[in-house]
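Written out below as C-alpha cells is the structure these notes cover.
The values are calculated or read from the model by the stated rules, or taken from the named source; none is laboratory data. Model, not experiment: these values are computed from the prediction. FYI the Cβ positions are ideal-geometry reconstructions off the backbone, even for glycines, and counts take in every protein chain you see. Ligands, DNA and RNA are excluded from the accessible area calculation, which covers all protein heavy atoms including side chains. Shrake-Rupley method; radii C 1.70, N 1.55, O 1.52, S 1.80 Å.
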Amino acid sequence: MKTKPILVVEDEAEIAGILCDYLHAEGFSTAWLARGDYVSGWLDKHVPALMLLDHTLPGLMGLEVCKLVRRHSNLPIIMVTAQVAEFDRLQGLAQGVDDYVCKPFSPREVVARVKTVLRRSGNHTETIAPLSSPCLKLDDPAWRALLEGRDLELTAIEYQLLRILASSSERLFTRSQLISEMYHDGRVVTDRTIDSHIRKIRKKIEKALPGFDPIQSMYGVGYRFINEVGDA
C-alpha cells in the first residue's frame, strides 16, 4: 500500500527543501505546496498523513488554512511559525493546530515532532463509528471508509461527501447544500460535480459489496444515505 505523504506547505523553497530532505531520510514521502490557497484543492485529490503548515503564506494564511481543513478533517497539523507570543500559540490551538515548531528550528526536531504527532493521532484510529448495516465505518484520522472491513479507497473529496451523507442518515441533502458543506474557498462548483462524485462512490461501494447501495437519489433534488440494502 502506498505510504501517505507529509504535506509541507511553505513558501520558502529552501526551507521546504530542507524539511523534505530530512523527512525522506527518515523514510517519509512528501508533497510541497508554496501557497496557502493551494491546500484545499490539493486535499480534494490527496490524503496526507500530516501537514507541516507555515504560519505566514501567500494566498491564505496558515491559521485560515487550518480553519478550512478542520471543518471536515482531523488531519494532524504542525504549525511552523516565527510567531511565538502566547496569544498566537493559543489562537493556533483554538483553530485545531496539533503542535508548533518555532523558527529558526532544527530539522531533526521537526522530524521528531512529526513522529510524535503521528503516534498520538494513531491512538484515535480505533474510534470508528459504525454508520450503517452492512457495516460502514469511517476513520477520520486516516480518511478511510471501510465497508464490511474492505477499504473503499475513496479520494479525499469522496470521503468528505460520504461522511456528510452518512453522518446525517435519512436526511435529504440538496446538491447546493452539499456544495456549501464541502467547498469553502469560493470556487465555482456545479451540480454535475456532485453527481460525478456520487457515481464514483457508488461504483466503489458496488465493487466492495455488490447489491449494497446506501445512497438514495431524488431526481432533481439531491441525495440521502439510507441504512438498508436496496435500489436507489
*Within the stretch 17-37, restricting attention to residues that are of a type in the set (A, V, I, L, M) and part of a strand (DSSP E or B), which residue is nearest to VAL80 (Cα to Cα)?*
LEU33
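To keep it simple, each residue is scored yes or no on (1) over 30 Å from GLU64 (Cβ atoms); (2) modelled with pLDDT of 90 or more.
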| residue | (1), (2) |
| --- | --- |
| THR174 | no, yes |
| ILE179 | no, no |
| GLY186 | no, no |
| THR193 | no, no |
| ARG199 | yes, yes |
| LYS203 | yes, yes |
| GLY211 | yes, no |
| SER217 | yes, yes |
| GLY222 | no, yes |
*Being under 19 Å from GLY62 (Cα atoms) and either part of a helix (DSSP H, G or I) or open to solvent by 60 Å² or more (accessible area, probe 1.4 Å) (or both) is the filter here, so list the residues in the stretch 2-16 that pass it.*
ASP11, GLU12, ALA13, GLU14, ILE15, ALA16
*Examine the stretch 56-64 for a residue that is open to solvent by 60 Å² or more (accessible area, probe 1.4 Å), outside any loop (DSSP other than H, G, I, E, B) and under 21 Å from ARG108 (Cβ atoms), and state whether such a residue exists.*
no
*Name the residues in the stretch 153-185 that are assigned to a loop (DSSP other than H, G, I, E, B) and open to solvent by 60 Å² or more (accessible area, probe 1.4 Å), would you?*
GLU153, GLU170, ARG171, HIS184, ASP185
